[in-house]
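Chemist: Take a look at the following structure, please.
The values are calculated or read from the model by the stated rules, or taken from the named source; none is laboratory data. As the structure is a computational prediction, the values presented were derived from the model and not from experiment. Every residue, glycine as well, gets a Cβ built from its backbone with ideal geometry; the counts of neighbours run over all protein chains shown.
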Amino acid sequence: MSPHDRLQYHLEIQARQIEEVFTRYQVDAYVAGGDVDAQAIRFDLQAQFQTGWERLQGLKRDLTQALGVSKLWLEPQPDGWRLTVNRDNDHPVDLLELLEANRDLPRSTAVLGIAESGQPVLINLAEPGMSHILVTGRAEAGKSCLLRSTAVSLALNNRQANLQLLVIDPDETITGRTQRPLLAPLDYLPHMLAPVVERREDIVTCLHYLLDEIAYREEQRNRTPTILVLIDNLHHLLENAGQTVLLPLTRIIQRGDQVGIHLMLSYREGSGSTVPSMLRSHFAVRLVGWLDNALQARSATGLADSQADYLLGRGDFLAISRGEKVHFQAAYINSYDLHHTIDSLYRQSSPRLVAQPTTVRPGLESEKENGLTHHFERENGDEYCFDGR
C-alpha cells in the first residue's frame, strides 16, 4: 500500500463524508476537485445554498465532527465553495511506513515505535519469559493509540491461525466518555475472537471464558494460537466493577502467559484504581507515557529516577523491561489508513481459524453497507526487542 494509494483512499473517504453531511442538510452538492499540500487539504465544492449564520455554523459543526478534525474553513467561491482542512502532522511515526521498513519480523512480534537511536522497538509475545504488558500514563499520553497500533501491527504480520486478538474497551456507562472509542474499528480485524467487549456484564463473562481457555490449555498442554487480550481504561473498569473484574483478571495475569495468553492493560496513573502492586511482577514490560509528577513516575516505572514525568504526551513513551529503559515515539495509524488496512485484510484473508469458536462474524462488505465509516473518530541496524528475558 503506497503513500499515494493511502492518500487517495483518505481523500475519497473524506469526500464521501462531506457529501453525506450536505445530504443531511438537503443541499445538492458534491466534491468537484481540490488540492493537497503538507499543511492542508482543500476541497472544491459544487454547491449552492443559503448561508444563514445558524445554518452555516451547524454545517461547519457537522463537517468538523464527520471528518474528525478540530477546525476547518468553509469559504464561498465564485463558482461554489472551498473547504479547507488542516492535515494532522502531530504523529511523527507512521505505523504502516514502519512496518514496510521492517518486513521480516518473527512470529507474534509487534512494532511499538522508534527509539531515539532511530531503531525500531519490538515486542515478541512468543519469546520464553514473556508474560504481560502494562501501559500507563495520564490522559492524552497516547495509551489507546498504542494499543490500537500494537493490534494492527500483529494482525498485519500474523495469520489468524497463529495469533488471535480479544479487545475489552469499557463503554460510556463505565468510562463516561463522549468521543467514539479508538479501539472500536479493531472489531473488523479478521483476527478477533469476538466483537469488541464493552458492557460490564459481557466483560465479566469474557474474563471467565479466558479462565476456561486457560484451564483447557493447561489440561491439553497447549500454547497455541497465541492470544493477546487488550484491555483499555482499566482504571474505570476497576472503579465500576471492582472485585467481579479484579478476581478473574488476577488469575489470568498469574496463569495466562504460561499457556500463550498475554494481556496488554492500559490504565491512567494516579486515578486511584490501579493494578495491585503484588501483580506488577507478572508484567515483563511496562510502557510508560506522560505523567504528572515524579511520584507517579516512580510508581509506574519501578525506577527511582526514570524522568517519566518529563515525557511530552501524544505517543512519547518509555519502555522498561528488567531494568532496561528505552525512550521511544509510539507508532500511529490514523482512522483512514486503518479502514484501508482492514479492507485489504478481508480481501486477502483465508478462512479464519480461531482458538475456540465463539461467534460467527459478518464479512466486511456487509458491515460497510451498514455504516463502517461511522467508526472514524477524532484522534486527537540493532533493534530493541523486549521479550521478558
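Chemist: Exactly one of these conditions fails for Arg217: (1) part of a loop (DSSP other than H, G, I, E, B); (2) under 30 Å from Asp104 (Cβ atoms). Give me its number.
Modeler: Here Arg217 clears every test but (1).
Chemist: Yes or no: the range 225-233 includes at least one residue that is more than 28 Å from Ala139 (Cα to Cα), surrounded by fewer than 22 Cβ atoms within 10 Å (Cβ to Cβ) and modelled with pLDDT of 90 or more. It would help to see each step written out before you state the result.
Modeler: In the first step, residues of the range 225-233 are kept if they are more than 28 Å from Ala139 (Cα to Cα); the result is 225-226.
Then keep just the ones that are surrounded by fewer than 22 Cβ atoms within 10 Å (Cβ to Cβ); that gives 225-226.
Checking the rest, the ones that are also modelled with pLDDT of 90 or more come to 225-226.
Scanning the range 225-233, I find at least one residue that is more than 28 Å from Ala139 (Cα to Cα), surrounded by fewer than 22 Cβ atoms within 10 Å (Cβ to Cβ) and modelled with pLDDT of 90 or more, so the answer is yes.
Chemist: So which residues in the range 262-314 are at pLDDT 85 or above, part of a loop (DSSP other than H, G, I, E, B) and under 21 Å from the mean Cα position of the chain (by Cα)?
Modeler: If the condition is that a residue be at pLDDT 85 or above, part of a loop (DSSP other than H, G, I, E, B) and under 21 Å from the mean Cα position of the chain (by Cα), then Gly289, Trp290, Leu291, Leu311, Leu312, Gly313, Arg314 are the ones that fit.
Chemist: Output the residue which, of all residues in the range 108-127 that are hydroxyl-bearing (Ser, Thr, Tyr) and buried (at least 19 other Cβ atoms within 10 Å of the Cβ), is farthest from Pro225 (Cα to Cα).
Modeler: Thr109
Chemist: Can I ask one more? I'm trying to understand the selection: among the residues of the range 130-187, which are of a type in the set (Val, Ile, Thr) and part of a strand (DSSP E or B)?
Modeler: Scanning the range 130-187 gives Ile133, Val135, Thr136, Val167, Ile168.
Chemist: Could you check the range 109-119 and list, in sequence order, the residues that are farther than 16 Å from His91 by Cβ and part of a strand (DSSP E or B)?
Modeler: The answer is Thr109, Ala110, Ala115.
Chemist: Take the residues in the range 63-107 that are more than 17 Å from the chain's Cα centre (by Cα) and more than 25 Å from Arg42 (Cα to Cα), then tell me which one is surrounded by the most Cβ atoms within 10 Å (Cβ to Cβ).
Modeler: Here the answer is Leu105.
Chemist: Within the range 31-53, how many residues turn out to be surrounded by 13 or more Cβ atoms within 10 Å (Cβ to Cβ) and modelled with pLDDT of 80 or more?
Modeler: The number of residues fulfilling the criteria is 11.
Chemist: Which one is nearest to Arg268 (Cα to Cα), of the residues in the range 282-339 that are aromatic (Phe, Trp, Tyr) and crowded, with 18+ Cβ neighbours inside 10 Å?
Modeler: Of the range 282-339, the ones aromatic (Phe, Trp, Tyr) are 283, 290, 310, 317, 328, 332, 336.
Filter once more, keeping what is crowded, with 18+ Cβ neighbours inside 10 Å: 283, 290, 317, 328, 332, 336.
Details: Phe283: 16, Trp290: 10, Phe317: 14, Phe328: 19, Tyr332: 20, Tyr336: 27 Å.
Checking each candidate, the answer is Trp290.
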